[in-house]
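Peer 1: Here's a structure for you.
What follows is calculated from the coordinates using simple rules that are stated; it is not laboratory data. Being a predicted model, the structure only gives us computed values, none of them experimental. With ideal geometry, Cβ positions are generated from the backbone for all residues, glycine too; neighbour counts draw on all protein chains shown.
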Amino acid sequence: MTTGIQHRRDPWTIDDSEFSGLKGHQERMELLLRYAVLAPSGHNTQPWTFAIVADGIEVFADYTRRLPQADPADRELLMSVGAAIFNLRVAAAQFGYESSVIHQRTDRETAPAALVTLRETAAPDPSLRRLFPAILRRRTNRHPFDGRPIDVDELSSLCDVADEYPDFIHFLLPRDTARIADLVAQGDRMQMENRAVREELADWVRSTRLTASLLIVMTAEDDRVSLLRAGELLERLLLTTTLAGLQYSFMNQPIQVATLRHLLEPIVSAKHPPQLLLRIGYAPPVEQPMPRRDVAEVLQCS
């Protein structure tokens, strides 16, 4: 399929100044989608496709890219789609659009997950626009964290997000670290066969350095719309983390194993079941981003 924007070899290299020279709805929407596809996804599956329509962009979950063993209920898949929706809204605000998300309450896999409506405005949402520089810098970091206490100002930016969404973002207390480490180690043993990898991970999360990093659990109900919204909120948190100069990594083993997920619930003590476990702190930066599919590969024919 031929699209308005010329194919580029590196999806992570975007010149935002070109937006002003684009003519027509199609080309401008395609540029916004170049930011949407930079969202994080489980094991970099990138499980999304898009359709440009008159009043915005339809977003689809691509179930052909599901992970039936690691993510049998498609929870991480749907949160990944939600993260792409949020990136789209951030980019839209940067380029002068007001956006809203209309979630489709259906379980039909071929139906759009959501419609993101877009309308030009002289006053785009400043809370979205301020996150725009973080899209190209965001990386999931698998390096060891150095254990430095998080700076008060940087921590404050994360607390602001948590305060706005207290039912869905939960900071775990240092006293919970050992219990969380046990669940992560158990989940890893149940998912993996390589003894060396198991021991390495168990040693990593049991390290006293973990207490100086922040552990966050994202919670939401298990229905499709709730998971999409959780993904949108997750990306808001990750972009805020990136903008603050912090690093993050996922430790999802206790949530991917159903029996351990139930053990995590009383530790979190939240209204909704846990969906993601995050570690935030300081670590050497990740210079090389994960590869991404070009917009042309994820854009449906109209």
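Peer 1: Return one number: the angle in degrees, 0 to 90 and rounded to the nearest 10, between the long axis of the Cα atoms of helix 224-243 and the longest principal axis of the Cα atoms of the chain.
Peer 2: 80 degrees
Peer 1: Still on this structure, I have one more. Taking the Cα centre of each part, how many Å lie between the range 63-136 and the range 42-56?
Peer 2: 8 Å
Peer 1: Here's something else I'd like to know. With contacts defined as alpha carbon pairs under 8 Å and 6 or more residues apart, what's the relative contact order of the range 1-97 in percent? Could the numbers behind the result be given before it?
Peer 2: Details: 97 pairs, mean separation 27.9, N = 97.
Relative contact order for the range 1-97 comes out at 29 percent.
Peer 1: Going by how many other beta carbons lie within 10 Å of each one, how would you line up Phe50, Phe86, fewest first? It would help to have the intermediate numbers written out before the result.
Peer 2: On the way: Phe50 25, Phe86 28.
The order, fewest Cβ neighbours first, is Phe50, Phe86.
Peer 1: So what J values fall out for the range 246-258 if you push phi through Karplus, 6.51 cos²θ - 1.76 cosθ + 1.60 with θ = phi - 60°, rounded to Hz, Gly and Pro as x?
Peer 2: 9, 10, 9, 8, 9, 10, 8, 3, x, 8, 6, 9, 4
Peer 1: Of the trypsin sites (Lys or Arg not before Pro) in the range 230-289, which ones lie in a loop per DSSP and count no more than 14 other C-beta atoms within 10 Å?
Peer 2: Numbers: sites: Arg236, Arg261, Lys271, Arg279; in loops: Lys271.
Loop-located and lightly packed - Lys271.
Peer 1: To the nearest 10 degrees, how steeply does helix 195-206 sit against the main Cα axis of the chain, on a 0 to 90 scale?
Peer 2: It works out to around 90 degrees.
Peer 1: Counting alpha carbon pairs within less than 8 Å and at least 6 residues apart, what relative contact order, in whole percent, applies to the chain? Could the numbers behind the result be given before it?
Peer 2: Numbers: 527 pairs, mean separation 74.4, N = 302.
The normalised contact order for the chain reaches 25 percent.
Peer 1: Of all DSSP beta bridges located in the chain, what percent are antiparallel, nearest 5?
Peer 2: On the way: 30 of 32 bridges.
Approximately 95 percent, going by the DSSP bridge assignments.
Peer 1: Helix-only mean residue ellipticity at 222 nm, the chain, DSSP H runs n ≥ 4 weighted -39,500 (n - 2.57), per residue, nearest 500. What is it?
Peer 2: Details: 11 runs with 119 residues, N = 302.
After summing the helix terms and dividing by the residues of the chain, the value is -12000 deg cm²/dmol.
Peer 1: I would also like to ask the following. To the nearest 10 degrees, how steeply does helix 75-94 sit against the main Cα axis of the chain, on a 0 to 90 scale?
Peer 2: 50 degrees
Peer 1: For a footprinting-style exposure proxy, rank Ile14, Ile57 by other Cβ within 10 Å, fewest first. Write down the numbers at each step before the final one.
Peer 2: Numbers: Ile14 17, Ile57 24.
The order, fewest Cβ neighbours first, is Ile14, Ile57.
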